[in-house]
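See below for the structure under consideration.
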Amino acid sequence: MTVEQQVPVRVLPAFSRGAVGAVAVAVGVVLTAVSGQYGYFGDELYFVAAGHHLDWGYADQPPLLPLIALLMDTIAPGSVAVLRIPATLAIVTAVVLAALLAREFGGARRAQLLAAGAVAVSPGFLATGHLLATSTLDPVAWIAVTYLLVRWVRTRSDGLLLAAGIVTAVGLQAKFLIVALWAVAIVAAWFCGPRELLRRRALWAGAGIAVLATIPTLVWQARNGWPQLEMGRVVAEESVYAGGMIGFLPLGFFASGLLVGSVLGVIGVVRLLRVPEHRFLGVTALGVALLFMVAGGRPYYIAGVLPLLWAAGAARVEQVRPAAWWRWTTTWPAYALTAGALLVVNVLPVQPASMHADQPLQIGNFQRDEIGWPAMVADVQAACRALPPDVARDAVVVTGDYWSYSAVQKFAPELPSFSFSRGAAWFGTPPEESGAVVFVGDPTAIIGAFRTGTWIGRLDNDERVANLAQGTPIYLLEGRRVPWAQLWESARRL
């Protein structure tokens, strides 16, 4: 046995099951209470639609979210509260894992509560805890992997590395971002140690499991021209709406939990960098943030490494009395203040969305884009009913965005609907024998392939309904002169 392998196993403090469990349950109760307060978010509708076109891969993501959405929608069709149960369970798991990380760093009851509480009052985690999204499930896989790595550093038990590979395999079915975590961690371990990690067969066996589990998705991508690569470029271009490189850190600060998370995060980074056995983890956290910032990633991509920093910071705060000028930021009033701020910035939809003329919308801006889909689809149905019988017989609905398509699929499944937007473009093309097109959106991409294009209305004429699709035009396109297969290929866009 080498000197590097002779690492004494530290005795950890007891896990504060009752206190941490109380925080986790409280978070679960709050998220469950608000999950049914508003309608479908556009991406949630898309996941349900994708689930009904279940495949090994999609142009914009792996298959896990569509599969979960299909299962939840099958159990309770049309229930947004049930659809969001996996999201709530994911955040509850994140709370517990943060506490376990703090314990691995030597943190006792207070440190475990500080780390669990940091997740519990984090805008980034709570905002997605009542929303089924890849940004909800992906960070949990990261947290689990970092927990297993920290535990391996302490115990050198290779079964943990194998487990990390299995967790990675599951994470890769939700999002490919976890590859960045491993890539940076391996480089960091090479330069900072422990290099022994890279010599463990279990690490590479776990990597093999992750690769094997992802082969079906990679085959789908290869057969369809690797649209995920183009999707990456689209995300980088869209990052300008999140402030680009300039806005990356400020928005990351907000998502980290405002004051509480930011303070613990800074302390955690310093603590990790100062401890030789954990230095590679501190470098990994900083490296991942730098990588996504330069590559045009979105600020929430780094959410998965934040609990690692909070846990390390919490353990340090418990072990060393903080300076007086920032000591209060790690006390319960600071957590209560942060929790109160979440209501001010509308992270939690504590008021139900009102759709009545005599009541204004009682919901924050984040949720205003998530209601009104049935009214939107009703307008599409009305446009189809207004068509002459001979035109309506062979007509199809085509939308210019994948959210509207998903809404039509959900609320008007009797209408043959299609879209060349995002992943929906791979769900199929209109039949060649189809006739007129009721087009929802800007028809510029395909109108040249038709003899006539006539404006026939717009969506959401009722201004009480708040929805991103409000005011979208509806056109009737007739006299198609190009085969759908050819037209779809030219119009398809991510």
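Some values worked out for this structure:
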{"quantity": "Sulfur and carbon atoms: percent of accessible area, the range 126-244 [1.4 Å]", "calculated": "68"}
{"quantity": "Label-point separation, T155 to S434 (7 Å along Cα→Cβ), nm", "calculated": "5.5"}
{"quantity": "Efficiency of FRET between V391 and A485 - r from beta-carbon atoms, R0 25 angstrom, step 0.05", "calculated": "0.65"}
{"quantity": "Where Rh is the Kirkwood radius over Cα pairs, Rg/Rh for the range 1-135", "calculated": "1.12"}
{"quantity": "Residues whose placed amide H lies under 5 Å from that of G457, excluding near-sequence neighbours", "calculated": "I474"}
{"quantity": "Where R385, R316, R154 fall by accessible area, highest first, once all protein chains stay in place (1.4 Å)", "calculated": "R385, R316, R154"}
{"quantity": "The range 1-113 - accessible surface per residue (Å², probe 1.4 Å)", "calculated": "41"}
{"quantity": "Protein accessible area in the range 28-125, 1.4 Å probe - carbon and sulfur %", "calculated": "71"}
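The values are calculated or read from the model by the stated rules, or taken from the named source; none is laboratory data. Worth saying up front: this structure is predicted, and the values here are computed from it rather than measured. Cβ: placed from backbone, ideal geometry, glycine included. Neighbour counts: every protein chain shown. Remember, those area values only see protein heavy atoms, side chains included, never the ligands or the DNA or RNA. Shrake-Rupley method; radii C 1.70, N 1.55, O 1.52, S 1.80 Å.
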